[in-house]
Amino acid sequence: MKRMLILLVLCMVCLTSAVFAEDTECVYYNHDGGEYYHARPDCERIGQGYWNALTKIAAEDLSDEAFAGLKRCDWCFGETQQPDVPEGKTSWHYESPFDTGSDVEIAQAGQYFAGKDLNPGVYTAVGGDNADGIVWVLDADGVGINAFVMTPGVSCSFYLGENTSVELPESCTLRRVRYEPKYQTMDKVEVVSGCFFVMYECPGRIYMATLMDGQTVGDAWVTRINPETGREERVVERKEVKTDETIVINLQQGYDCFLRLRNCIIWPAEEGEG
């Protein structure tokens, strides 16, 4: 009897090991246009609505021609690394896997294609002294998927995915996004218009926002890059900022997100390092 119990336990151990080995030797991807393969189907970098759509394949199948274009998701494989801590108040610096843009400074109006003229990645457009136009982000068919009204001093950041393009107006400069955190103190800052890459251009904190004096309408909203589609998707509903009202903007889990503001006064809810 004792010998049979030992054999039963050994069989269960072997079975469990086999199941575990099978799971660790499989990966997941979205067969409907997904660009990445993942270690698990509930990776935080994937919108929850896509979890059930992921297809499970053997890791060895990644060498097949059908999957040759898939890229490894550094997040769920635990390979996202932090760079050296830069000087300043921020105590750490998140390195986004989407920070892959070309190191360029383009000041000439025109249309520039990701995958041809530029690497896919996060870019920032800055309005010059005579800026008066619109920065358009276009899909592969030339359809607008993002638009930013540019005036002198306005800064807007956005993601250019593979086969998308950006149309740059006169008196604007396009460059790769930089680590330049704003809103590091309790000072209230006026933002007429802008779009900022969270963790790079503003720390992941809780913020308060009110309407700028003299304005009748303002708004704030957050978008996140979907790694499966390479597009920005709205995380929360667009919040209208009304007179004599204060809204709360929670960016504590704002990885690979953009904060868009218009006619707002913004400040951190609590003092501290970003």
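So, of the residues in the stretch 134-158 that are part of a loop (DSSP other than H, G, I, E, B) and not aliphatic (A, V, I, L, M), which turns out to be least open to solvent (accessible area, probe 1.4 Å)? Before the answer, list the steps.
Residues of the stretch 134-158 part of a loop (DSSP other than H, G, I, E, B): 139-143, 151-154.
Still in the list and also not aliphatic (A, V, I, L, M): 139, 141-142, 151-153.
On the way: ASP139: 26, ASP141: 135, GLY142: 47, THR151: 56, PRO152: 76, GLY153: 61 Å².
Top of the filtered list is ASP139.
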**Any pair with Cβ under 6 angstrom, 6 or more apart, that starts in the stretch 190-201 at a residue that is free of Cβ contacts under 8 Å to residues at least 12 places away in the same chain and ends at one that is in a strand (DSSP E or B) and of a type in the set (D, E, K, R)** = none
**Request:** Filter the stretch 159-188 down to the residues that are touching a strand residue (DSSP E or B) at 6+ places or on another chain (Cβ under 6 Å) and among the polar types (S, T, N, Q), then identify the one that is surrounded by the fewest Cβ atoms within 10 Å (Cβ to Cβ).
**Result:** THR173
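In the stretch 250-269, which residues are touching a Phe, Trp or Tyr at 6+ places or on another chain (Cβ under 9 Å), open to solvent by less than 10 Å² (accessible area, probe 1.4 Å) and at negative phi? Before the answer, list the steps.
Here is the first cut: in the stretch 250-269, the residues touching a Phe, Trp or Tyr at 6+ places or on another chain (Cβ under 9 Å) are 250-251, 255-261, 266-269.
Subset that is open to solvent by less than 10 Å² (accessible area, probe 1.4 Å): 251, 256-259, 261, 266, 268.
Across the stretch 250-269, the qualifying residues are LEU251, CYS257, PHE258, LEU259, LEU261, ILE266, PRO268.
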**Asked** Filter the stretch 45-65 for residues that are within 21 Å of GLU233 (Cβ to Cβ) and surrounded by fewer than 12 Cβ atoms within 10 Å (Cβ to Cβ); which is modelled with the highest pLDDT?
**Response** ASN52
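For the stretch 157-182, give me the residue count where each residue is without any contact (Cβ under 8 Å) to a residue 24 or more places away in the chain and not basic (Lys, Arg).
Taking the stretch 157-182 and keeping what is without any contact (Cβ under 8 Å) to a residue 24 or more places away in the chain, we get 180, 182.
Pick out the ones that are also not basic (Lys, Arg) and you get 180.
Qualifying residue count for the region: 1.
The values are calculated or read from the model by the stated rules, or taken from the named source; none is laboratory data. Not measured: the values here are computed from a predicted model. Glycine gets a Cβ as well: all are built from the backbone with ideal geometry, and neighbour counts include every protein chain shown. Side chains are part of the model used for accessible areas, which takes the heavy atoms of the whole protein and leaves out ligands, DNA and RNA. Shrake-Rupley method; radii C 1.70, N 1.55, O 1.52, S 1.80 Å.
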